[in-house]
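Here is the structure we will look at.
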Amino acid sequence: MIDANGSTQRFTKSSKPCTLFDSRSKEVQDFYEGFLGIPLREQNVEHTLVGKGFRRDWLDVNGNCKTLSGIISSCEKDIFSGDYYFTITYDNWSLSFLDCKYSLVEEKDLAEEAVWGGYCLFSDRAGKVPQPNKGIRCERWICPDACKVSAASVTSKNFPHMCLSVRGFLLEFQVKKSTIKGAGLGVFVRCASMNDSLKAEGLVLAAREYIDLGIYAPLVPEQKIPEHVNLALNFVHEWKCEEWNFSLWGHPTGWIYNISDVVTGELSTSSRQNLLSYVNETDGKEAPLIRAAHDPEGAVHYLLGFEQGDNLHLPLDSNWMELKINYGSGYEKVRVRKGYSRLSHSEQEKFRELIASDDKDTLDDVMKWSAQDLIQCLTKFEESFVIQKGDTPLREIAAARAILIVIQFKERIKSFQEEFATLDDDTSFCDNGYTDLEKLDVVGRCTRLLGALLNSGSTRTQVCKFILKTRELCSTLATLLKWTEKMLATMSVSRLRKTIVGDAV
């Protein structure tokens, strides 16, 4: 996972980064201060904004405007770049209106442009319009005055449609055939006037002025999952889910957003009904009209506006303008997988080497998981892959990959057993979670899940082929799977079931 700072986090291989916040800056700062022996930031800097009011507005998942207000409580200055970073302390009464389950008392490391924007918004609502320091462009989120969305029908060719009212203009958004060759569908916008007295040039947004188009992820609570669960789902679905993974800001580490379907690995039904899911990427050269950023509750938003350079002009005419985004360098592995990388041939080869090791790295990572990690992932697999009558079954290769990683779960449980056996009476209370595994019958649940995954005879061929192919992926497989190609070719489904579910594990 590439976080908001572009730093690689454990487990996830790539994501679409949201760059508004730097959630790891304190960690990086502490490291370099220890290395250099000097502080990287001057603390408690006097700045005209310290002590001033601050406000943030954004849309929730239903298109309603939410708000937070507080005080710009402190400022730090980078001793090398001279940039200022601010901390916002929010009012308890405004925090009480949020739905988030964690306490967002403070928001740290906000850039000066964003803080000026929040101060100006706070002051504007109070009847005062301050002027920022020379050379500073305020970063502002503009909530539409009105929002109307028609959801797509999953059984027809109707696609989402959205209309927004902003500053007296009507912005209409439609899903149409993209102007990008081979890209399929894209999102387009056109502008109309809602008032004859408005200027004929249309809606103009200054650089760093953004219209909030709404939440991209998560659309439902189930799309927020632990990183290790996301890793396992990516493994099962041959890394298709990578395209739909997003970093999560403002929450304890170890969580991400995955908006794919857990059974198919494709974009989920709820996301297909979201117009923003159809926005395409730029070619890396043209300036994107859309950027991604997090709101104070951690959700990922799509914002319409230019981050740098000239004003964005949406003219009053009937022409449709395609909206595009740039996911940045953190998305490059997905581009390489899908065959439209922006890198040179030699650079792509380096990524292909990383991609080739994804499966092995994942199975090795499982052997480092905690007992709680195993329990969480097993529970998710049980909820998703134990198919009831009428449910969509896993693809054969996905079932085979799920079988392999569940076998690895059982190997990890064995390692817990071995660790627990070496503990004496005085230290047995510290059993690394093995007691929980016994209490929750995790071994039995793994066995029953393996049986369910093998429930269809059509899975057998793919299971055999995949296990043969991946026999040497991790050290445990060599002893775990002692089959020869001839045995697999002649083995009955019942024998295969017994071997995987019982004898070999």
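Computed from the coordinates by the stated procedures, all read-outs in this text should not be read as laboratory data. Not measured: the values here are computed from a predicted model. Note: ideal-geometry Cβ built from the backbone for every residue, glycine included; neighbour counts use all protein chains shown.
Points to keep in mind about this one:
- Cα-Cα over 26 Å, subset of LYS240/LYS324; LYS224/LYS285; LYS360/LYS380; LYS368/LYS439; LYS181/LYS360: LYS224/LYS285; LYS181/LYS360
- Summary of packing: across the peptides 42-54, 307-319, the per-residue average of other C-beta atoms within 10 Å ranks them, highest first, as 42-54, 307-319.
- Between THR89 and SER357, the modelled labels are 4.7 nm apart [label points 7 Å from Cα along Cα→Cβ].
- The C-alpha radius of gyration of the range 289-345, expressed as a fraction of 2.2 N^0.38 Å, stands at 1.48.
- Mean shadow area of the range 307-429 over all directions, Cα convex hull, nm²: 16.4
- Each of LYS177 and SER123 was given a label point 7 Å from its Cα along the Cα-to-Cβ line. The distance between the two points is 5.1 nm.
- Rg and Dmax of the range 205-265, based on Cα coordinates, read 13.9, 45 Å.
- Added length on full extension, which subtracts the Cα-Cα distance from 0.36 nm per residue, ASP364 to SER344: 4.2 nm
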